[in-house]
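Written out below as structure tokens is the structure these notes cover.
The values are calculated or read from the model by the stated rules, or taken from the named source; none is laboratory data. A quick note: this is a predicted structure, and the numbers were derived from the prediction, not measured. Cβ placement follows ideal geometry from the backbone for every residue including glycine, while neighbour counts extend to all protein chains displayed.
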Amino acid sequence: MLLAGSASRKLGTAVAAYLGHELGACETIRFSEGNLFVRVLENVRGRDVFLVQGTAFPANDNFMELLFWIDAIKRASAASVTAVIPYLSYAKGDKKDEPRVSIRARVCADAIEAAGVDRVVTLDLHAPQVQGFFRVPVDDLYAMPSLCDAVVARRLPDLVVVAPDAGYAKKARQWSERLGAPLAIADKRRTDHSESAEVLELIGSVDGCTALIVDDFTISAGTLVDAARVLRERGATAVYAAVSHGLLTDAALERLAASPIRTLFMTDSVETQPVELPAMVEVVSVAPLFGEAIRRIASRESISVLFS
């Protein structure tokens with residue numbers, strides 16, 4: 001059985017269509033004081049249940065709803081509960097890199113496990129080592145193939161893939177190999193928690209080329225816009241960007257509108273956007289990716305092919 005929480009109804013419906021099934025009936029009620037109430041409206045006893053629920057906008061409400069869904073399904077005597085989390089908030093809080101701070105991703109992993117989950121399926125964790133915070137199986141799917149297909153369809157000439165920082169260089173190299181394009185790396189410095197960073201230098205040449213900035217997510221769009229500016233200064237004829245998760249706000253849209261970026265490719269992992277997406281944003285659905293993962297897990301098949 002496939003269910004979808006309030007944060008991922010559209011994606012859940014698209015996954016159900018891919019699988020040729022209907023979504024199971026369920027409801028989420030928000031009371032006036034802010035409390036959440038979830039209820040499964042049909043029998044799940046002895047069923048393998050897959051729950052699609054993202055945790056963004058508002059992150060805390062949707063994360064709590066995820067926990068309540070897992071608990072409700074488990075208490076309804078489901079045989080297993082697989083949480084399909086298109087975007088896992090707090091995944092970037094994977095280490096204690098300052099005094100007296102929380103390792104937020106570990107707290108979230110513990111909470112999801114305590115609620116009774118049997119398996120987690122997610123997409124492009126900011127820190128892949130977060131998989132190790134769970135004692136249940138975690139499948140961290142890749143959005144890159146779906147986004148690469150969208151980029152290839154544009155037939156961009158003289159393409160160069162650009163990593164926004166050294167930390168993403170390894171992933172960016174996978175993009176460059178798949179697209180058959182050279183790689184450049186931006187040198188980025190982040191000095192605080194203001195959700196902005198400064199691009200200082202560029203390793204590699206983009207002169208006379210079409211640059212494609214790739215990253216796992218963007219919130220303020222500051223890094224993308226700053227990198228785009230540097231790329232144009234270094235001779236790039238056009239700049240595009242592709243991210244797995246777009247968490248856009250009004251400020252981000254203003255930056256993008258004033259930037260050299262022609263198109264921002266991003267997946268539909270976050271559908272509770274607080275803003276209306278502009279025409280420059282091209283949304284690429286990952287419903288087939290999640291649908292195929294669910295089909296293979298339910299039929300006890302290997303999902304390794306999805307990581308090829």
Looking at the structure I just gave you, is Asp165 crowded, with 18+ Cβ neighbours inside 10 Å, among the charged types (D, E, K, R) and in contact (Cβ under 8 Å) with a residue 12 or more places away in the chain?
yes
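Kindly indicate which of Ser32, Ser8, Ser77 is on the phi > 0 side of the Ramachandran plot, among the hydroxyl-bearing types (Ser, Thr, Tyr) and at pLDDT 95 or above.
On the way: Ser32 fails: on the phi > 0 side of the Ramachandran plot; Ser8 fails: on the phi > 0 side of the Ramachandran plot.
So the residue among Ser32, Ser8, Ser77 that is on the phi > 0 side of the Ramachandran plot, among the hydroxyl-bearing types (Ser, Thr, Tyr) and at pLDDT 95 or above is Ser77.
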Between residues in the range 102-119 that are not assigned by TED's automatic domain parsing to the domain that holds Val52 and among the small types (Gly, Ala, Ser) and residues that are surrounded by 17 or more Cβ atoms within 10 Å (Cβ to Cβ) and modelled with pLDDT under 95, which pairs lie under 7 Å by C-beta distance while being six or more apart or on different chains?
none
Inside the range 116-140, can you point out the residues that are farther than 21 Å from Ala241 by Cβ, hydrophobic (A, V, I, L, M, F, W, C) and buried (at least 19 other Cβ atoms within 10 Å of the Cβ)?
Val117, Val120, Val121, Val130, Phe133, Val138
Restricting attention to the range 39-57, and to residues there that are free of Cβ contacts under 8 Å to residues at least 60 places away in the same chain and under 24 Å from the mean Cα position of the chain (by Cα), which single residue is farthest from Ser244 (Cα to Cα)?
Val49
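With the range 84-191 as the region, which helices (runs of 4 or more DSSP H) entirely inside it contain at least 3 residues that are over 16 Å from the mean Cα position of the chain (by Cα) and within 26 Å of Leu2 (Cβ to Cβ)? Lay out the reasoning, then the answer.
Details: elements: 104-115, 144-153, 169-179.
Hits in the range 84-191: 104-115.
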Please work out which one of (1) in a loop (DSSP other than H, G, I, E, B); (2) surrounded by 22 or more Cβ atoms within 10 Å (Cβ to Cβ) is the condition Leu51 fails and give its number.
(1)
Residue check, Ile297 against (1) buried (at least 21 other Cβ atoms within 10 Å of the Cβ); (2) under 21 Å from the mean Cα position of the chain (by Cα), all met but one. Which one?
(1)
Restricted to the range 63-97 and to residues being in contact with a strand residue (DSSP E or B) (Cβ under 7 Å, 6 or more places away or on another chain) and polar (S, T, N, Q), the residue nearest to Arg295 (Cα to Cα) is Thr82
Condition first: surrounded by 15 or more Cβ atoms within 10 Å (Cβ to Cβ) and part of a loop (DSSP other than H, G, I, E, B). Now tell me which residues in the range 70-83 satisfy that.
Ala76, Ala78
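Which residue, of Val270, Val243, Val214, Val239, is outside the structural domain of Val121 (by TED's automatic domain parsing), of a type outside the set (Gly, Ala, Ser), touching a Ser or Thr at 6+ places or on another chain (Cβ under 6 Å) and under 30 Å from Pro288 (Cβ atoms)? Spell out the reasoning first.
Details: Val270 fails: touching a Ser or Thr at 6+ places or on another chain (Cβ under 6 Å); Val214 fails: touching a Ser or Thr at 6+ places or on another chain (Cβ under 6 Å); Val239 fails: touching a Ser or Thr at 6+ places or on another chain (Cβ under 6 Å).
Being outside the structural domain of Val121 (by TED's automatic domain parsing), of a type outside the set (Gly, Ala, Ser), touching a Ser or Thr at 6+ places or on another chain (Cβ under 6 Å) and under 30 Å from Pro288 (Cβ atoms) holds for just one of Val270, Val243, Val214, Val239, which is Val243.
How many of the residues making up the range 54-69 are over 27 Å from Arg296 (Cβ atoms) and assigned to a helix (DSSP H, G or I)? Even if it seems obvious, please write down each step before you answer.
To start, the set of residues in the range 54-69 that are over 27 Å from Arg296 (Cβ atoms) comprises 57-61, 64, 68.
Still in the running and assigned to a helix (DSSP H, G or I): 59-61, 64, 68.
So the answer is 5.
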Tell me which residues, restricted to the range 267-308, are under 21 Å from Val239 (Cα atoms) and in contact (Cβ under 8 Å) with a residue 60 or more places away in the chain.
Thr267, Glu282, Val284
